[in-house]
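Chemist: Quick one: this structure, given as structure tokens, is what I'll be asking you about.
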Amino acid sequence: MSISSTGRNVALYGRATQSNLIDNPWSGYSDAHNAIDGNRDSHFHHGSCSSTNTQTNPWWRVDLLKEYIITSVVITNRGDCCSERLDGAEIHIGSSLLENGNRNPLAGVISSIPAGRFQTFTLTENNVGRYVNVLLPGEKRLLTLCEVEVYGYRKEYENAALRGVATQSSLNGHGFAINAIDGNRDGRWERGSCSHTARVSGGTQTFDCNGMIGRHVTVVIPGRAEYLSLCEVEVSGFPLE
Ligand SMILES: [Ca+2]
Ligand SMILES: [Ca+2]
């Protein structure tokens, strides 16, 4: 799995809870948070899996604290016992807490995951949400999850250039490179918000980059001796977290 195309496991920064906690000597091993501890260890007695009690419609939820566009969910099943218990579990993603988030749109269904294995659910729809729930519908069900990884990126576009660093091939007067990323579109050279030279047109043009991924944005006039003056360069995007 390429981090650059899927984002980071944002569940690691979230908070987990579940419908209840198993009521037996193993309860100390079964906290909801065990499913987002970054550990896929599937042996229940190693203490890195969550577990509810046997009940009707048990559920588990991670609150990502912010809304994300979620590209995939990776679920690790218990390895030492009872792998069939997870069969039929539903993955719900959304930003509502109605019925503890279990009414959010259905993003996938676990048909069966072999003992101790993980399964990746790649989400092709526009799955945006703050909450990821795993709901096990039915009576007398017990929900155990050894790890739930949620890959995605932040929803909001922002002008990423404002947090960047600018440089240029040379300097003319007070046309510092940083003037083109100061958040000010003012095109009047004398007001000190343009880079490099006084040759200013005043127009604004938007270029659609169609989802390109990158760290550097370069503006170049190729092949001839020329001045390059930029009053503002805004880069709309979101960080691949
Ligand atoms: Ca775990
Ligand atoms: Ca500017």
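Chemist: For Leu171, which of the numbered conditions (1) in a loop (DSSP other than H, G, I, E, B); (2) in contact (Cβ under 8 Å) with a residue 40 or more places away in the chain; (3) of a type in the set (A, V, I, L, M, F, W, C) fails to hold?
Modeler: Going through (1) in a loop (DSSP other than H, G, I, E, B); (2) in contact (Cβ under 8 Å) with a residue 40 or more places away in the chain; (3) of a type in the set (A, V, I, L, M, F, W, C) one by one, Leu171 breaks only (2).
Chemist: Strands (runs of 3 or more DSSP E) wholly in the range 25-113 with at least 3 residues that are of a type in the set (Gly, Ala, Ser), over 17 Å from Tyr131 (Cβ atoms) and at pLDDT below 95 - which ones?
Modeler: Qualifying strands (runs of 3 or more DSSP E): none found.
Chemist: Those residues that are among the hydrophobic types (A, V, I, L, M, F, W, C) and in contact (Cβ under 8 Å) with a residue 60 or more places away in the chain, I need them from the range 84-106; list them, please.
Modeler: none
Chemist: Only one of Leu64, Leu86 is within 19 Å of the chain's Cα centre (by Cα) and buried (at least 16 other Cβ atoms within 10 Å of the Cβ). Can you tell me which?
Modeler: Of the residues listed, the single one that is within 19 Å of the chain's Cα centre (by Cα) and buried (at least 16 other Cβ atoms within 10 Å of the Cβ) is Leu64.
Chemist: Given the criterion crowded, with 16+ Cβ neighbours inside 10 Å and under 22 Å from the mean Cα position of the chain (by Cα), identify the matching residue among Thr120, Thr71.
Modeler: On inspection, the qualifying residue turns out to be Thr71.
Chemist: Report whether or not Tyr13 is among the aromatic types (Phe, Trp, Tyr), farther than 22 Å from Lys140 by Cβ and more than 16 Å from ligand 2 (Cβ to nearest atom).
Modeler: yes
Chemist: I've got another one for you. Could you check Glu125 against (1) at pLDDT below 85; (2) of a type outside the set (A, V, I, L, M); (3) within 13 Å of ligand 2 (Cβ to nearest atom) and say which number it fails?
Modeler: Only one criterion in (1) at pLDDT below 85; (2) of a type outside the set (A, V, I, L, M); (3) within 13 Å of ligand 2 (Cβ to nearest atom) is unmet by Glu125, namely (3).
Chemist: If you don't mind, another one. For the range 146-154, state whether one or more residues are outside any loop (DSSP other than H, G, I, E, B), in contact (Cβ under 8 Å) with a residue 60 or more places away in the chain, surrounded by fewer than 20 Cβ atoms within 10 Å (Cβ to Cβ) and among the basic types (Lys, Arg).
Modeler: Checked against the condition, which is being outside any loop (DSSP other than H, G, I, E, B), in contact (Cβ under 8 Å) with a residue 60 or more places away in the chain, surrounded by fewer than 20 Cβ atoms within 10 Å (Cβ to Cβ) and among the basic types (Lys, Arg), the range 146-154 yields at least one hit.
Chemist: Output the qualifying pairs, or none if there are none: Cβ atoms under 7 angstrom, residues six or more apart or on different chains, first residue in the range 37-50 and under 14 Å from Ala11 (Cα atoms) and in the same structural domain as Arg85 (by TED's automatic domain parsing), second residue more than 6 Å from ligand 1 (Cβ to nearest atom) and aliphatic (A, V, I, L, M).
Modeler: The qualifying pairs are Gly38/Leu12.
Chemist: Taking Gly101, is it closer than 25 Å to Asp23 by Cα, touching a Lys or Arg at 6+ places or on another chain (Cβ under 7 Å) and either crowded, with 23+ Cβ neighbours inside 10 Å or not hydroxyl-bearing (Ser, Thr, Tyr) (or both)?
Modeler: yes
Chemist: Further question on the same structure: If you check Arg185, Arg163, Arg191, which single one turns out to be more than 30 Å from Ser51 (Cα to Cα), within 16 Å of ligand 2 (Cβ to nearest atom), in contact (Cβ under 8 Å) with a residue 24 or more places away in the chain and surrounded by 10 or more Cβ atoms within 10 Å (Cβ to Cβ)?
Modeler: Arg185
Chemist: Also, I was wondering about something else. Inspect the range 203-214 for any residue being over 30 Å from Ile22 (Cβ atoms), in contact (Cβ under 8 Å) with a residue 60 or more places away in the chain and within 20 Å of the chain's Cα centre (by Cα) and give the result as yes or no.
Modeler: yes
Chemist: Quick one: would you say Gly187 is touching a Gly at 6+ places or on another chain (Cβ under 9 Å), modelled with pLDDT under 80, farther than 16 Å from Glu226 by Cβ and in a loop (DSSP other than H, G, I, E, B)?
Modeler: Judged against the criteria, Gly187 is not a match.
Chemist: I need the full set of residues from the range 30-49 which are within 9 Å of ligand 1 (Cβ to nearest atom) and of a type in the set (Asp, Glu), in order please.
Modeler: Passing the criteria: Asp37, Asp41.
Chemist: Same structure, new question: How many of the residues in the range 124-140 are over 21 Å from the mean Cα position of the chain (by Cα), surrounded by 21 or more Cβ atoms within 10 Å (Cβ to Cβ) and not hydrophobic (A, V, I, L, M, F, W, C)?
Modeler: Matching residues across the range 124-140 total 0.
The values are calculated or read from the model by the stated rules, or taken from the named source; none is laboratory data. Since we're looking at a predicted model, the values are computed, not measured. Neighbour counts are summed over all protein chains in view; Cβ atoms, including those assigned to glycine, are modelled from backbone coordinates with ideal geometry.
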